[in-house]
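These notes concern the structure reproduced below.
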Amino acid sequence: KQHLVAIGESGEVRRAGAGEVRERLGWLKRRLVEERRDEVVDLGERLERARE
Amino acid sequence: MSSHYADSKALLDNRGYAGRTIRGKNPAELFERAVLDRITESYFWKEQCFGLNEASLCDRAIELRFVGGTYGQGKPTPFLCLALKMAQLVPDRDVVLEYLNFEEATEERSSDDERNGDQETQNGAPLCEKKGEFKYLRALAAFYIRLAWDPVEIFETLEPLLNDRRKLRRAAKEQFTLTTMDQFVDDLLNKDRMCSTSLWKLPKRSDLVDLDKLEPRISLLEGELDDLDASDGELGEGDGA
Amino acid sequence: KFWDEGDLGDLETIDDTDDVDPEGEHAAWKLREFTRIKRDRDALIAAEKEREEVERRRNLTEAERE
């Protein structure tokens with residue numbers, strides 16, 4: 001059982017409630033949308049440059 | 001209890017276990033011993049699951065790219081590792097429902113509850129479900145609910161997902177296959193083994209209906225069932241409840 | 001990185017993008033849903049038949065006893 005002991009220091013993890021989870025998911029969603037938009041912009045720029 | 005121990009030692013040691021339980025038992029017992037060992041030995045469990053709480057678990061879960069149990073040489077999927085993490089946390093009921101049904105409220109939509117029925121393409125096929133936006137997180141929550149909740153709650157909470165046709169990748173022994181949310185959930189409700197985990201035996205749905213604990217399920221296709229009856233004569237009087 | 005190692009093999013060859021073909025995907029779902037309904041109905045009918053059969057036999061034996 002040594003490996004189980006090695007998994008981590010014992011320590012408490014604070015619980016999160018539904019409100020915090022919802023906020024987190026909203027934030028993650030917005031971040032994802034932004035990333036995708038940036039990708040599209042990147043692609044657009046690259047195409048632009050390729051055309052020049 | 002407002003915290004749990006990050007250390008899985010406490011989870012896996014039955015004698016000392018003092019955390020939340022599921023049906024009176026240590027949640028780790030939902031999984032098979034050999035599978036548990038595989039999970040807790042995995043890199044993903046040690047490096048990516050350590051110290052997660054209900055909120056930070058989302059960061060991992062939205063990056064899931066497939067469902068499944070163990071695959072290849074018995075390696076546990078991140079999906080299965082996160083399922084164990086959920087079992088370790090035993091999140092509050094409304095947290096699990098948030099995982100299952102999260103949708104981002106945007107201004108033009110937020111007041112429109114009947115939205116799913118309205119989102120139609122020209123040819124009449126509705127676009128995909130937008131509830132449970134992160135579909136692999138939704139699948140994870142569904143799997144957890146099947147393991148951890150009570151029969152009536154399981155049917156009531158999971159059956160709406162039978163209308164979710166979104167595609168899911170699934171790790172099988174040697175390769176990846178494609179399934180869908182509705183198929184995955186139907187399997188959860190009907191099979192006795194999923195994702196390398198034995199599912200505890202549910203009472204029959206019809207028995208719960210007979211006991212007045214559950215309403216009969218009304219399919220979205222109820223109106224079109226005549227077509228089914230017409231195409232299959234012996235079903236003519238099948239609905240005699 | 002997020003994943004253990006590289007043995008994800010053919011993962012990328014499997015496309016899980018939704019609404020590529022909404023009509024086709026909806027039609028496929030309908031077929032699955034119909035199949036489920038039929039399965040559940042058939043199971044109900046079978047259970048009902050079995051109950052009737054048990055009932056019938058019980059009546060038979062009582063009648064034979066008299």
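Considering only the stretch C:40-62, I want to know if a residue exists there that is over 17 Å from B:Ile218 (Cα atoms) and polar (S, T, N, Q). Scanning the stretch C:40-62, I find at least one residue that is over 17 Å from B:Ile218 (Cα atoms) and polar (S, T, N, Q), so the answer is yes. Those helices (runs of 4 or more DSSP H) of the stretch B:1-101 in which at least 1 residues are modelled with pLDDT under 90, considering only elements entirely within it, cover B:8-12.
Looking across the stretch B:33-54, the residues that are free of Cβ contacts under 8 Å to residues at least 40 places away in the same chain and of a type in the set (Gly, Ala, Ser) come down to B:Ala34, B:Ser42. Considering every residue within the stretch B:113-134, establish whether at least one is under 29 Å from B:Glu41 (Cα atoms), surrounded by 23 or more Cβ atoms within 10 Å (Cβ to Cβ) and modelled with pLDDT of 90 or more. No, there is no match, as no residue in the stretch B:113-134 is under 29 Å from B:Glu41 (Cα atoms), surrounded by 23 or more Cβ atoms within 10 Å (Cβ to Cβ) and modelled with pLDDT of 90 or more.
Here C:Glu33, C:Glu53, C:Glu64, C:Glu23 are screened, and the one residue that is over 28 Å from B:Leu127 (Cβ atoms) and at pLDDT 90 or above is C:Glu53. Among the residues making up the stretch B:31-55, a single one is more than 19 Å from the chain's Cα centre (by Cα), at the interface with chain A (Cβ under 10 Å from one of its Cβ atoms) and small (Gly, Ala, Ser): B:Gly51.
The values are calculated or read from the model by the stated rules, or taken from the named source; none is laboratory data. Computed from a prediction, not measured in an experiment: that's the story for all the values here. Every residue, glycine among them, receives a Cβ derived from its backbone with ideal geometry; neighbour counts consider all protein chains shown.
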